[in-house]
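Note sheet for the following structure.
The values are calculated or read from the model by the stated rules, or taken from the named source; none is laboratory data. Because the structure is predicted, anything quoted here is derived from the model rather than measured. Backbone-built Cβ (ideal geometry, glycine too); neighbour counts: all protein chains shown. Protein only, heavy atoms only, side chains kept; ligands, DNA and RNA dropped before computing areas. Shrake-Rupley method; radii C 1.70, N 1.55, O 1.52, S 1.80 Å.
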Amino acid sequence: MLHFNPEFHVARLPAIDFAPGSIGRLPEIIERYGRRALLVTGAHSFQSTPAWFRLGKALHQRHISWQHAIVDDEPSPELVDRAVSTHREDEPEVVVGIGGGSMLDAAKAIAGLLHTDTSVMDHLEGVGRNLPYPGPAVPFIAVPTTAGTGSEATKNAVLSRRGPDGFKKSFRDEQLVARVALIDPELLASCSPGLLAANGMDVFTQLLESWVSLRASPFTDALASSGMQAFRDGFWDAWHGNKDATEGHSRMAWASLASGIALAQAGLGSVHGLASPLGAFFPIPHGVVCGTLLAAATRVNIEVMRRRDPSNIALDKYAEAGVLLSGRLFSSAGEAQDGLIQLLEEWTARLQLPRLSEFGMTEDDLGRVIPNCRGGSMQTNPIRLSDEEVEEILRARL
């Protein structure tokens with residue numbers, strides 16, 4: 001059943017170019033915006049592919065000059081400000097982010113600041129100076145090479161600083177949305193099984209959390225449902241790298257894009273609320289946080305709603321997800337919800353997702369993680385969780 005919310009708003013989206021082999025059209029797209037480009041990539045992954053050589057050759061043939069910025073970890077405010085300072089005098093007319101979510105977030109933030117005289121800390125939510133973003137942003141083209149964060153479709157650049165006083169926060173403005181999201185599923189072929197597992201669980205978490213979000217609408221329901229079906233039908237083929245892996249990559253690329261659009265409109269939930277402090281305080285990859293917490297968070301959400309809010313529409317939607325993902329018919333909504341939890345627990349075990357303790361978290365850290373998880377994602381969780389209920393999620397995966 002499609003749940004109809006008669007009031008919703010669809011924020012700005014990029015133009016979308018989705019096709020196998022579409023990376024070959026990137027030089028033509030760059031040329032629409034100018035002849036001076038800044039390419040933002042990871043340190044190795046994309047540069048080790050033939051597509052990198054072909055891109056450089058095509059840019060040279062079109063007389064497009066380009067500079068190169070490298071992001072070799074989750075981007076920090078300092079990395080963004082350094083890149084802006086280094087490349088502002090080059091006066092790039094277009095910024096191209098090629099890589100996973102970290103590269104796209106860094107490129108998005110750099111594009112946003114090249115024409116301003118501000119630091120990213122002037123605009124970073126919760127920890128910055130809370131100054132309004134003046135714009136304008138340099139045109140930004142997003143080229144994801146993983147099926148992960150959906151950053152190609154969002155207006156926020158997630159930046160982090162790790163350590164005891166660390167944070168993971170967003171620089172967010174509609175002016176930062178990519179002009180073009182170029183999605184080539186063939187680029188996923190270079191992803192390792194471990195990377196596919198972490199990124200895939202991030203995608204699925206975004207789909208499920210936006211599906212049950214307090215701000216869900218017919219628009220996001222359609223995207224989340226389609227994305228979950230694509231994940232169901234494509235993830236395991238892509239992860240195993242079997243004969244159907246190519247089709248699996250296409251399905252996962254769509255699932256990732258759908259998740260980015262859905263979360264940008266509907267918001268997320270408790271897993272992403274916890275991912276912010278966990279990613280700031282510990283060296284835990286974002287996708288691993290999502291994957292390791294999702295089953296426990298889903299179970300706690302369902303149990304709390306059964307006790308405190310049994311008429312919550314999210315219970316029906318969890319049941320629908322259980323049917324959609326398992327392909328089974330259940331005798332009741334409660335049985336379908338339990339089936340969903342069981343399936344997520346099976347995925348956690350099958351992917352051998354690590355526990356939080358493997359990254360240094362102990363019981364002593366609960367007291368600093370929980371108070372820092374109440375950001376925007378927690379506000380759209382389908383039910384408000386107490387500190388004790390949040391602690392239950394964390395303890396399940398310590």
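Hey, of (1) 30, 26, 19; (2) 39, 21, 20; (3) 34, 24, 19, which did the structure itself give for semi-axes √(5λ) of the Cα gyration tensor in Å when calculated? So the structure-derived entry is (3).
Rounded to the nearest 10 degrees, the angle from helix 245-266 to the longest Cα principal axis of the chain is 80 degrees. Were the residues from H44 through Q379 laid out at 0.36 nm apart, the gain over their Cα-Cα distance would be 116.9 nm. Could you estimate the translational diffusion coefficient of region 1-88 from the Stokes-Einstein equation, with Rh from the Kirkwood formula over C-alpha pairs, at 25 °C and 0.890 mPa s, in whole µm²/s? For the chosen part, D equals 153 µm²/s. Spacing of the modelled spin labels on A11 and H63, each 7 Å from Cα toward Cβ, amounts to 4.0 nm.
The calculated FRET efficiency for the pair E78 and D316, based on their C-beta separation and a Förster distance of 30 Å, comes to about 0.05. W66 contributes about 90 Å² of solvent-accessible surface, heavy atoms of the protein only, 1.4 Å probe.
Pairs of lysine residues in the chain that meet both criteria, 8 or more places apart or on different chains and Cα atoms under 28 Å apart, total 7.
With a 10 Å cut-off between alpha carbons and a GNM built on the chain, which of V323, V127, V143 moves the most? Judging by the Gaussian network model, the answer is V127.
Computed from backbone phi with θ = phi - 60° and the Karplus coefficients 6.51, -1.76 and 1.60, the 3J(HN,Hα) list for region 91-102 is 6, x, 8, 7, 10, 10, x, 10, x, x, x, 5 Hz; x is used for glycine and proline.
Largest mean-square fluctuation among G267, G97, G375, in a Gaussian network model of the chain whose springs join Cα atoms under 10 Å apart, belongs to G375.
Placing a label point 7 Å from the Cα of S386 along the Cα-to-Cβ direction, the residues of region 288-305 whose backbone N falls under 13 Å of that point are 304-305. The alpha carbons of region 68-132 occupy a box of 29, 25, 15 Å along the principal axes, longest dimension given first.
Between R308 and S85, the simple spin-label model (points 7 angstrom out along Cα→Cβ) gives 4.6 nm. Protein-only accessible surface at a 1.4 angstrom probe places the residues I313, I110 in the order I313, I110, largest first. The modelled label-to-label distance between K243 and N130, using points 7 Å beyond Cα along the C-beta direction, is 6.1 nm.
In this calculation the C-beta distance from R395 to R35 is compared with R0 = 41 Å, giving a FRET efficiency of 0.15. Rounded to the nearest 10 degrees, the inclination of helix 50-61 to the longest alpha-carbon principal axis of the chain is 40 degrees.
Hey, what angle do you get for helix 193-212 against the long axis of the chain, alpha-carbon based, 0 to 90 degrees rounded to 10? Orientation of helix 193-212: about 60 degrees from the principal axis.
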